Structure formats: structure tokens, C-alpha cells
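What follows is one structure encoded as C-alpha cells, with my remarks underneath.
The values are calculated or read from the model by the stated rules, or taken from the named source; none is laboratory data. Remember, it's a predicted structure, so these values are computed and weren't measured experimentally. Note that we place each Cβ from the backbone using ideal geometry, even for glycine, and neighbour counts take in every protein chain shown.
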Amino acid sequence: MKITVRQAIVAADAIASIRNKSLPVRVSYALNKSFAALSRERNAADEERIKLCKKYADKDEAGEPIVTENAFKMTEENEKACNAEFRELLETETEVDLFKFPLSYLEAVETDSRYDALTVSELDALSMLIEE
């Protein structure tokens with residue numbers, strides 16, 4: 001499925017909070033498979049973010065980026081340039097192999113007390129994984 005890097009990051013974070021719930025096994029499996037694929041995209045984006053920060057950071061005498069209070073120190077101009085490049089990355093489309101499932105797999109959540117209920121926002125987060 002084609003999605004933006006931003007969508008992959010948001011979806012990975014949303015699924016991370018849902019996948020520990022007690023859900024039907026097929027839903028849980030789909031969440032774990034999709035989470036793995038989305039996490040790879042999130043991790044790759046984070047690596048690129050760090051590279052950008054190092055590129056635009058102020059450097060010390062040895063040419064190493066200066067880090068103050070867990071943040072790269074950079075001029076306002078460089079910070080704007082860094083943020084612009086990162087926003088460009090976030091809007092890049094990527095192909096992610098999501099494991100989809102039919103909506104019927106979630107029916108047991110409402111009828112079987114063994115499963116945790118899902119909130120509207122959690123269902124919204126799962127929408128890209130649900131086949132119509």
C-alpha cells in the first residue's frame with residue numbers, strides 16, 4: 001500500500017498502543033505484521049532525521065555536532081532548513097506491505113467478553129488495515 005512516511009509514523013504509533021489489547025487472534029496477527037512493516041519506515045525516517053540534524057548542527061572544534069540538553073544546537077536559519085528537508089521526507093510516498101483483515105474479524109470484540117473493547121479513535125487508527 002502506498003502511504004506517506006508521515007502516515008507510516010502515525011500508524012505505527014497508533015498500532016503500538018492497540019496491539020497489546022486482547023483481540024481476536026487474526027486481528028492481533030494482522031496488527032503485529034503491519035506494525036513490523038510500519039516500524040521499519042518509522043525507524044528509517046528517524047535515522048534520516050538524525051542525519052539531517054547532524055548536517056545542520058553547529059560543530060565543535062573537532063567537527064562534531066554540538067548537542068545541548070539532548071538537542072542538536074543549530075542556528076535559526078539551519079533549523080528552518082533542517083525542518084524543511086524533514087517535512088519533505090515526511091511527505092514522501094513509500095510502499096508498505098500492510099496485512100489487512102475484513103471488518104468481520106472485529107465483530108467478536110463486541111460480543112465476546114474475552115476481548116478488549118476498542119475506542120472510536122482506535123478503530124480509526126485501524127481503518128487502513130480493514131478491508132471493506
Can you spot a residue in the stretch 84-92 that is touching a Cys at 6+ places or on another chain (Cβ under 9 Å) and surrounded by 15 or more Cβ atoms within 10 Å (Cβ to Cβ)? yes
What residue, of GLU48, GLU61, is closer than 19 Å to VAL96 by Cβ and either within 23 Å of the chain's Cα centre (by Cα) or not polar (S, T, N, Q) (or both)? GLU48
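With respect to LEU106, is the statement that it is touching a residue at least 40 places away in the same chain (Cβ under 8 Å), assigned to a helix (DSSP H, G or I) and not β-branched (Val, Ile, Thr) true?
It is true that LEU106 is touching a residue at least 40 places away in the same chain (Cβ under 8 Å), assigned to a helix (DSSP H, G or I) and not β-branched (Val, Ile, Thr).
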In this structure, does VAL96 turn out to be of a type in the set (Val, Ile, Thr), at negative phi, modelled with pLDDT of 95 or more and touching a Leu at 6+ places or on another chain (Cβ under 9 Å)? yes
Scope the stretch 118-129; condition more than 13 Å from PRO24 (Cβ to Cβ) and outside any helix (DSSP H, G or I); matching residues: THR119
Odd one out for ASN43 among (1) among the polar types (S, T, N, Q); (2) part of a helix (DSSP H, G or I); (3) touching a residue at least 24 places away in the same chain (Cβ under 8 Å): (3)
Kindly indicate whether ALA30 is out of contact with any Ser or Thr (no Cβ under 7 Å at 6 or more places or on another chain), under 26 Å from MET1 (Cβ atoms), touching a residue at least 60 places away in the same chain (Cβ under 8 Å) and of a type outside the set (D, E, K, R). yes
Pairs where the first residue, in the stretch 58-86, is acidic (Asp, Glu) and the second is assigned to a loop (DSSP other than H, G, I, E, B), C-beta under 8 Å, 6+ apart: ASP58/ILE66; ASP58/LYS73; ASP58/MET74; ASP58/THR75; ASP60/ILE66
Filter result (over 16 Å from LEU31 (Cβ atoms), surrounded by 11 or more Cβ atoms within 10 Å (Cβ to Cβ) and within 20 Å of the chain's Cα centre (by Cα)) within the stretch 94-117: THR94
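When the residues of the stretch 15-36 are filtered to those that are buried (at least 17 other Cβ atoms within 10 Å of the Cβ) and among the aliphatic types (A, V, I, L, M), which remaining residue is nearest to VAL109 (Cα to Cα)?
Looking at the filtered set, the residue picked out is LEU23.
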